[in-house]
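> For reference, the structure I am asking about is given below.
The values are calculated or read from the model by the stated rules, or taken from the named source; none is laboratory data. None of the values given here were measured: they were computed from a predicted structure. Glycine also receives a Cβ, built like all others from the backbone with ideal geometry; neighbour counts cover every protein chain displayed. The accessibility values were calculated without ligands, DNA or RNA, using every heavy atom of the protein model including side chains. Shrake-Rupley method; radii C 1.70, N 1.55, O 1.52, S 1.80 Å.
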Amino acid sequence: MTRYMRKQYRFVDPILVKSTTSFLPFTWDMSAFVAENDAQRDMFKVATDFNIARGITVPIHNPGLRHSSLHVTADIPAKDLSRTARELENSLILIGIFLNATVSEKILARDVSPPIKLTAREKECLLWTARGKTTWDISQILKIAESTVLTHITKSMAKLGVYNRPHAVVKTIMMGLIVP
């Protein structure tokens, strides 16, 4: 793992790449991959040195667009891998979910940043923005000045650490602060 992280193999690992686009567990065999560049050739050699030949991957897609996956290497003949994967699939999915939840809790526990607090009016302005309304539309709906709407949206964007309205809307929805 130290070498994997130091060499940044995550950017060239075809198994990891596939796990970001797959929702179902899948089996893999290193012999099926053809290295596309020197980094992959190096990664495949390291895998071979550590006797990592085949395995099962369980993709885990999290709220907030984070991705993780559980990779289990298997020291069994290739012909037995699919059967073993089918037999263990439900257990591996549960292990992956629980492991991911535990790690996520530990990471979140270390996050000492204060929670983002939007005012009711800031949330309201972002809610109407999410529904496709312009600054003028929102001012008419809420019966406040356009400049006031703009102030609420600008302040909420600053609190959220974003630079545009669509990003503010998406982040607010993902945080559960508004439901369009």
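> All but one of (1) open to solvent by 30 Å² or more (accessible area, probe 1.4 Å); (2) more than 16 Å from Lys117 (Cα to Cα); (3) out of contact with any Lys or Arg (no Cβ under 8 Å at 6 or more places or on another chain) hold for Met174, so report the exception by its number.
Against the list (1) open to solvent by 30 Å² or more (accessible area, probe 1.4 Å); (2) more than 16 Å from Lys117 (Cα to Cα); (3) out of contact with any Lys or Arg (no Cβ under 8 Å at 6 or more places or on another chain), Met174 comes up short only on (2).
> If I filter region 95-122 down to residues being modelled with pLDDT of 70 or more and not in a helix (DSSP H, G or I), which single residue comes out as farthest from the chain's Cα centre (by Cα)?
Step by step, filter region 95-122, then rank; the result is Thr119.
> Okay, moving on. Could you say whether any residue in region 20-29 is open to solvent by less than 100 Å² (accessible area, probe 1.4 Å), under 21 Å from the mean Cα position of the chain (by Cα), modelled with pLDDT under 90 and within 30 Å of Thr172 (Cα to Cα)?
Yes, the conditions are met somewhere in region 20-29.
> Of the conditions (1) without any contact (Cβ under 8 Å) to a residue 24 or more places away in the chain; (2) farther than 24 Å from Asn62 by Cβ; (3) among the β-branched types (Val, Ile, Thr); (4) buried (at least 16 other Cβ atoms within 10 Å of the Cβ), Val149 clears all except one; give me its number.
It is condition (1) that Val149 fails.
> Restricting to region 30-64, give me the number of residues that are open to solvent by 70 Å² or more (accessible area, probe 1.4 Å), under 20 Å from Met5 (Cβ atoms) and either in contact with a Lys or Arg (Cβ under 8 Å, 6 or more places away or on another chain) or β-branched (Val, Ile, Thr) (or both).
Counting residues in region 30-64 that are open to solvent by 70 Å² or more (accessible area, probe 1.4 Å), under 20 Å from Met5 (Cβ atoms) and either in contact with a Lys or Arg (Cβ under 8 Å, 6 or more places away or on another chain) or β-branched (Val, Ile, Thr) (or both) gives 1.
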